[in-house]
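J.: Structure in structure tokens, see below.
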Amino acid sequence: MRKSLIIAITTATVGLTTLGIGAAQADSKEGYGCGKGEHAEYSRGDRGDHGKGRHGKFGMKGMSLERLDKKLDLTDAQEETLAPLFDQQFLDMRQQMREMKSLRQDLRSLNVADADYSQQVEALIKQGQEAAATLIRSKAELKQKVYAELTPEQQEKFASLAKK
């Protein structure tokens, strides 16, 4: 039982830490934002110093609208369709990372002397698994939506980008 508990705690800690690394970066705003507020506030022409303004910190190996436009030569109509998806993805991922940070803090604050300590750890593990599944689903859904907006030629290039 003790060995299982140690394994569970270690697994939860490693998993939550790995998935939550971006939370510290997102909170510090290092590498994020361009000094003009949240991305969702930007209108088409006011995206700061980052061109199309979709940062590639999350997603498919840094998948960003700017990177996709460079690699796939997106049309203006495609950019207009995809821009809100990337903005929403950025905000959703940021919220999910904050939730992961909260789970890590909850794990640290547990009292090992509590009678229901094991149950508390198991509950946190389950929450961490659900959060990880949400992250994966969110990335996959964005990838699928992007793919649906592309021409057949762009879809081929997109598929090769995903494999790199």
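The values are calculated or read from the model by the stated rules, or taken from the named source; none is laboratory data. This one's a predicted model, so the numbers in the text were calculated from it and none came from an experiment. A quick note on method: Cβ atoms are made from the backbone with ideal geometry, for glycine too, and the neighbour counts reach across all protein chains shown. Surface accessibility is based on the protein's heavy atoms, side chains included, excluding ligands, DNA and RNA. Shrake-Rupley method; radii C 1.70, N 1.55, O 1.52, S 1.80 Å.
J.: Could you tell me which residue of the stretch 122-163 is modelled with the highest pLDDT, considering only residues that are of a type in the set (A, V, I, L, M, F, W, C) and open to solvent by 70 Å² or more (accessible area, probe 1.4 Å)?
T.: Per the stated criteria, the residue is Ala148.
J.: Sort through Glu79, Glu99 and tell me the only one that's open to solvent by 70 Å² or more (accessible area, probe 1.4 Å) and at negative phi.
T.: Glu99
J.: May I ask you to verify whether Gln105 is surrounded by 15 or more Cβ atoms within 10 Å (Cβ to Cβ) and not hydrophobic (A, V, I, L, M, F, W, C)?
T.: Answer is no for this residue.
J.: Let me ask something additional. Based on this model, can you work out whether Gln78 counts as over 20 Å from the mean Cα position of the chain (by Cα) and in a helix (DSSP H, G or I)?
T.: The answer is yes for Gln78.
J.: Return the total of residues in the stretch 54-76 being open to solvent by 60 Å² or more (accessible area, probe 1.4 Å) and either at pLDDT 90 or above or within 19 Å of Ser160 (Cβ to Cβ) (or both).
T.: So the answer is 8.
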